[in-house]
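*Asks:* This structure is in C-alpha cells; I'll ask about it shortly.
A short reminder: the numbers here are calculations on the coordinates, not readings from a lab. Quantities reported herein were computed from a predicted structural model and do not represent experimental measurements. When we count neighbours, we look across all protein chains shown, and the Cβ atoms used for this are built from the backbone with ideal geometry, even at glycine.
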Amino acid sequence: MLIIEQKSLDEMYRDALQSFPDECCGFFFGKEIGEERTVTNILTVNNSKEGDKKRRFEIAPKDYLNAEKFADENELQLLGVYHSHPNHPAVPSEHDRIAAQPFFSYVIISVKERMIADIRSWQLNDNLQFEEESIEKQSINQNK
Amino acid sequence: MATIIIPTPLRKFTNNTARLNIQAKDVKGVVNELTFNFPDLKKHLLDEQGNIRSFVNVFVGDEDIRNLQQEQTPIKEETVISIVPAIAGGKA
C-alpha cells in the first residue's frame with residue numbers, strides 16, 4: 001500500500017495541472033515499513049522529453065542522480081516516480097511498462113480538461129508486468 | 001578497486017548494498033563481475049544479446065559511457081561508476 005501525505009499529494013496534483021496539456025514527472029520519497037510505503041516528500045523535475053510531451057515523459061540522468069542524492073542527504077528512501085496522463089486514464093501504457101524499474105512505485109495522475117480525474121499506483125512484479133497497489137490519502141490531522 | 005553505485009530500484013538484488021568495489025579493467029568487466037555475483041541483476045541490466053539495456057545508463061564519473069568508449073571505457077582504481085536507470089514513459 002502507498003500512503004501519500006496530503007501535502008505531497010497536493011504537490012503532485014499542482015504539477016499535473018500546471019503542466020497540462022503536457023505530461024509532468026517527478027520523484028517521491030519516504031519510508032517503507034513492511035508492505036506500507038509512506039510518501040512524505042516530492043521532487044518535481046523537468047520533463048526532458050524532446051518532442052511530444054503531451055504523451056511522453058523522460059527524466060534526465062542528472063535529475064535522477066540528484067534524486068538519489070536527495071534521498072541520501074535526507075535519510076529517506078527514493079520510493080518511486082509519478083507522472084501525469086493528460087486526457088487519458090491513470091493506467092500504464094506498454095511504453096510505461098518497458099521503461100519501468102523494479103521496486104519503484106509508479107504513480108499516474110489522470111488529468112481531464114484541467115481537472116484531476118484519478119490517481120493510481122503501479123509496481124512491476126517478478127514477471128515484469130504491472131500490478132496495481134492501493135493508495136491511501138493521508139490528511140495531516142490523521143498523521144498526528 | 002573501482003566503486004560502483006547501485007541505484008535504489010536494483011538494491012534488492014544486491015542485498016540492499018548501495019556501493020560495491022569491483023576489480024576490472026573496463027566497464028564491460030565491471031558489469032560481468034556484477035551480474036556474476038548477483039545473477040538476478042542480469043535481466044534488469046542486460047538485453048538478450050548480453051549488451052547493456054537501452055533503458056540503463058552507465059556513468060563513469062560524471063560522463064555517460066556513450067560519450068566515452070562505451071563498454072570498453074577503461075576503469076582505474078579510483079573510478080566511480082554509477083548505474084542510472086532511464087526514467088521514461090507516457091500515455092502512448
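*Asks:* Given the peptides A:94-106, B:39-51, A:29-41, arrange them by the average over their residues of other C-beta atoms within 10 Å, most packed first.
*Replies:* So the order, starting with the most tightly packed, is A:94-106, A:29-41, B:39-51.
*Asks:* Rg/Rh for the stretch A:18-109: what does it come to with C-alpha atoms and Rh from Kirkwood?
*Replies:* My calculation of the ratio gives 0.96.
*Asks:* Going by amide H atoms built from the backbone, whose H comes under 5 Å of the H on A:Ile116, apart from near neighbours?
*Replies:* Here the answer is none, since no amide H 5 or more places off falls under 5 Å of that of A:Ile116.
*Asks:* Determine ³J(HN,Hα), in whole Hz, for all residues of the stretch A:8-14 in sequence, where each value follows from phi through the Karplus function 6.51 cos²θ - 1.76 cosθ + 1.60 and θ = phi - 60°; x replaces Gly and Pro.
*Replies:* After applying 6.51 cos²θ - 1.76 cosθ + 1.60, I find 5, 4, 4, 5, 5, 4, 4 Hz.
*Asks:* Here's something else I'd like to know. Per-residue ellipticity at 222 nm for chain A, helices alone: DSSP H runs ≥ 4 residues times -39500 (n - 2.57), over residue total, nearest 500 deg cm²/dmol?
*Replies:* -7500 deg cm²/dmol
*Asks:* Once you list every other residue whose beta carbon is under 9 Å from the beta carbon of A:Asn87, what net charge do they have if Lys and Arg are +1 and Asp and Glu are -1?
*Replies:* +2
*Asks:* Calculate how many DSSP beta bridges within the protein assembly as shown are antiparallel, expressed in % of all such bridges and rounded to the nearest 5.
*Replies:* Percent antiparallel among DSSP bridges in the protein assembly as shown is about 70.
*Asks:* Okay, moving on. In whole Hz, with x marking every Gly and Pro, tabulate ³J(HN,Hα) for the stretch A:63-74 from phi via Karplus 6.51 cos²θ - 1.76 cosθ + 1.60, θ = phi - 60°.
*Replies:* So the J values, rounded to whole Hz, are 5, 5, 4, 4, 5, 4, 5, 4, 4, 4, 5, 9.
*Asks:* Work through the residues other than A:Leu2 whose Cβ is under 9 Å from its Cβ and net out their charges, Lys, Arg +1 and Asp, Glu -1.
*Replies:* Numbers: positive: A:Arg37; negative: A:Glu36, A:Glu133, A:Glu136.
Neighbourhood net charge equals -2.
*Asks:* Let's see if you can work this out: charge +1 on each Lys and Arg Cβ, -1 on each Asp and Glu Cβ, no other charges. What is the dipole magnitude of chain A about its Cα centre, in debye to the nearest 20?
*Replies:* With only Lys, Arg, Asp and Glu charged at Cβ, the dipole is about 480 debye.
*Asks:* Then there is this: What is the sum of charges, Lys and Arg at +1 and Asp and Glu at -1, for the other residues whose Cβ falls under 14 Å from the Cβ of A:Pro61?
*Replies:* Result for the local shell: -2.
*Asks:* Under the √(5λ) rule applied to the eigenvalues of the Cα gyration tensor, what semi-axes describe the equivalent ellipsoid of chain B? Give them in Å, descending. Mind showing how you got there, number by number?
*Replies:* Numbers: eigenvalues 77, 51, 33 Å².
Sorted largest first and rounded, they come to 20, 16, 13 Å.
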